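In what follows, a single structure is set out as structure tokens and then discussed.
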Amino acid sequence: MRSLLEVNNLEAGYGRVSVLKDISLKVEAGTIVTVIGPNGAGKTTLLNALAGLLDVGGGTVSLEGSDITRHDTEDRIYQGMGLVTEQRNLFSTMTVQDNLWLGAFSRRGRAGRDELVEEAYRLFPRLRERKLQTAGTLSGGERQMLALGRAFLARPRLLMLDEPSLGLAPLVVRDTLETVGRLRDQGISVLLVEQNARAALKVADYGYVLENGAISLQGPASDLLTNPAVAASYLGGS
Ligand code: ATP
């Protein structure tokens, strides 16, 4: 079966600084795949390379069987990729509703957009309660939910999330990652980069451990959760 995303022997970095070394990974349609690893392992670099924001030194990236290694970011978005960065990129002086409305750009006409925004409210009821509040006044968890809601409205086939739990309190982390599970239920496949390994592995189907720019371990998420090496390095107390 053809994978939604297939990365083979990817090398990437910044100018002459090489960060990613021989990365191969897959995301099957309808699944959540997580990449866990310590600070500085190259997780953000990986998402940036997959989004076409960095020059790739070697290897290939294919989306639904077509080679997109040399495609620019705009092309990748048209082909069904979405990216939520650590900065979330919300418009902080605009309301929740207007931020969502902007995310629904793929739909023409007011009625179509209203319908899409309504779907986002059904999926994230908390956003409906806050719809007239400006994004800058939301809590960290609500902001993250808004970023996920807006990404959902663009209807990507593959949504890449860079540390959605960053800066959130433990209970909010769980809520946020459950939300990622709801996106999968809506048919959106997810590549989830996380430092919070336990929470990410609980929601994911499959996982990769990234260390020093290379994949050191991979397997079904439930296996990684009980793997002693993963537990010793990444699950302590989280
Ligand atoms: P974190 O969880 O702390 O965000 P990460 O796993 O996402 O870490 P990256 O941000 O991808 O790691 O960084 C990987 C390596 O690339 C680090 O050594 C970092 O210093 C380096 N790096 C990141 N951005 C740049 C840049 N613009 N120019 C040069 N080196 C960079």
Requested in this report: Would you be able to tell me the number of residues in the range 21-59 that are surrounded by fewer than 17 Cβ atoms within 10 Å (Cβ to Cβ), part of a strand (DSSP E or B) and polar (S, T, N, Q)?
Outcome: 1
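Return the residues of the range 102-140 that are in contact with a strand residue (DSSP E or B) (Cβ under 9 Å, 6 or more places away or on another chain) and either part of a helix (DSSP H, G or I) or not basic (Lys, Arg) (or both); say none if nothing qualifies.
We begin by selecting, within the range 102-140, every residue in contact with a strand residue (DSSP E or B) (Cβ under 9 Å, 6 or more places away or on another chain); these are 130-135.
Residues satisfying the conditions are 132, 133, 134, 135.
So, in the range 86-109, how many residues would count as being hydrophobic (A, V, I, L, M, F, W, C), out of contact with any Asp or Glu (no Cβ under 9 Å at 6 or more places or on another chain) and within 19 Å of residue 164 (Cβ to Cβ)? Let's see the steps before the verdict.
Just the residues of the range 86-109 that are hydrophobic (A, V, I, L, M, F, W, C), to begin with: 90-91, 94, 96, 100-102, 104-105.
Checking which are out of contact with any Asp or Glu (no Cβ under 9 Å at 6 or more places or on another chain) leaves us with 90, 94, 100, 102, 105.
Next, from what is left, pick out any that are within 19 Å of residue 164 (Cβ to Cβ): 90, 100.
Residues that pass the stated criteria total 2.
How many residues, within the range 1-20, are outside any strand (DSSP E or B) and of a type in the set (S, T, N, Q)? Lay out the reasoning, then the answer.
Taking the range 1-20 as the starting set, the residues that turn out to be outside any strand (DSSP E or B) are 1-4, 15-16.
Applying the additional criterion that residues be of a type in the set (S, T, N, Q) yields 3.
Of the residues in that region, 1 qualify.
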Query - Unique residue being closer than 20 Å to residue 198 by Cβ and either surrounded by fewer than 19 Cβ atoms within 10 Å (Cβ to Cβ) or of a type in the set (S, T, N, Q) (or both) when the list is 161, 177, 171 - result: 171
Requested in this report: Out of 4, 83, 47, report the one residue that is within 16 Å of the ligand (Cβ to nearest atom), touching an Asp or Glu at 6+ places or on another chain (Cβ under 8 Å) and modelled with pLDDT of 95 or more.
Outcome: 47
Query raised in the report: How many residues does the range 14-40 contain that are touching a residue at least 60 places away in the same chain (Cβ under 8 Å), within 13 Å of the ligand (Cβ to nearest atom) and more than 24 Å from residue 184 (Cβ to Cβ)?
Result: 6
Query - Residues of the range 108-130 satisfying the condition of being exposed (fewer than 15 other Cβ atoms within 10 Å of the Cβ) and farther than 18 Å from residue 179 by Cα - result: 108, 109, 110, 111, 112, 114, 115
**Report entry** 2 or more residues within 20 Å of residue 30 (Cβ to Cβ) and among the aliphatic types (A, V, I, L, M): qualifying strands (runs of 3 or more DSSP E) within the range 141-238
**Finding:** 158-162, 189-194
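Looking at the range 78-101 only, could you name the residues that are within 29 Å of residue 67 (Cα to Cα) and in contact with a strand residue (DSSP E or B) (Cβ under 7 Å, 6 or more places away or on another chain)? Quick ask: steps written out before the conclusion?
Filtering the range 78-101 down to residues within 29 Å of residue 67 (Cα to Cα) leaves 78-89.
Result: 79, 80, 81, 82, 83, 84, 85, 86.
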Report summary line: When (1) open to solvent by 60 Å² or more (accessible area, probe 1.4 Å); (2) modelled with pLDDT of 95 or more are applied to residue 70, the one that fails is (2)
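Checking the condition away from the ligand (no atom under 16 Å from the Cβ), out of contact with any helix residue (DSSP H, G or I) (no Cβ under 9 Å at 6 or more places or on another chain) and at pLDDT below 90, which residue from 169, 104, 111 passes? Please lay out each step first, then the result.
On the way: 169 fails: out of contact with any helix residue (DSSP H, G or I) (no Cβ under 9 Å at 6 or more places or on another chain); 104 fails: out of contact with any helix residue (DSSP H, G or I) (no Cβ under 9 Å at 6 or more places or on another chain).
Just a single option satisfies the conditions, and that option is 111.
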Query raised in the report: Only one residue in 221, 200 is touching a residue at least 60 places away in the same chain (Cβ under 8 Å), among the small types (Gly, Ala, Ser) and more than 22 Å from residue 167 (Cα to Cα). Which one?
Result: 221
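If you take the residues in the range 145-175 that are charged (D, E, K, R) and free of Cβ contacts under 8 Å to residues at least 40 places away in the same chain, which one is farthest from residue 40 (Cα to Cα)?
The initial filter retains those residues of the range 145-175 that are charged (D, E, K, R), namely 150, 155, 157, 162-163, 174-175.
Keeping just the survivors that are free of Cβ contacts under 8 Å to residues at least 40 places away in the same chain gives 174-175.
Numbers: 174: 24, 175: 26 Å.
If we take residues in the range 145-175 being charged (D, E, K, R) and free of Cβ contacts under 8 Å to residues at least 40 places away in the same chain, then 175 is farthest from residue 40 (Cα to Cα).
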Query raised in the report: If you scan the range 182-215, which residues turn out to be away from the ligand (no atom under 13 Å from the Cβ) and open to solvent by 10 Å² or more (accessible area, probe 1.4 Å)?
Result: 182, 184, 185, 186, 187, 198, 199, 202, 203, 204, 205, 206
Query raised in the report: Tell me, which residue of the range 73-104 that is aliphatic (A, V, I, L, M) and either under 15 Å from the mean Cα position of the chain (by Cα) or farther than 30 Å from residue 138 by Cα (or both) is most open to solvent (accessible area, probe 1.4 Å)?
Result: 77
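The values are calculated or read from the model by the stated rules, or taken from the named source; none is laboratory data. The structure presented is a predicted model; accordingly, all values stated were derived computationally and were not measured. Here the Cβ is made from the backbone with ideal geometry for all residues, glycine too, and neighbour counts use every protein chain on show. Note: accessible area is taken over every heavy atom of the protein model, side chains too, but ligands, DNA and RNA are not part of it. Shrake-Rupley method; radii C 1.70, N 1.55, O 1.52, S 1.80 Å.
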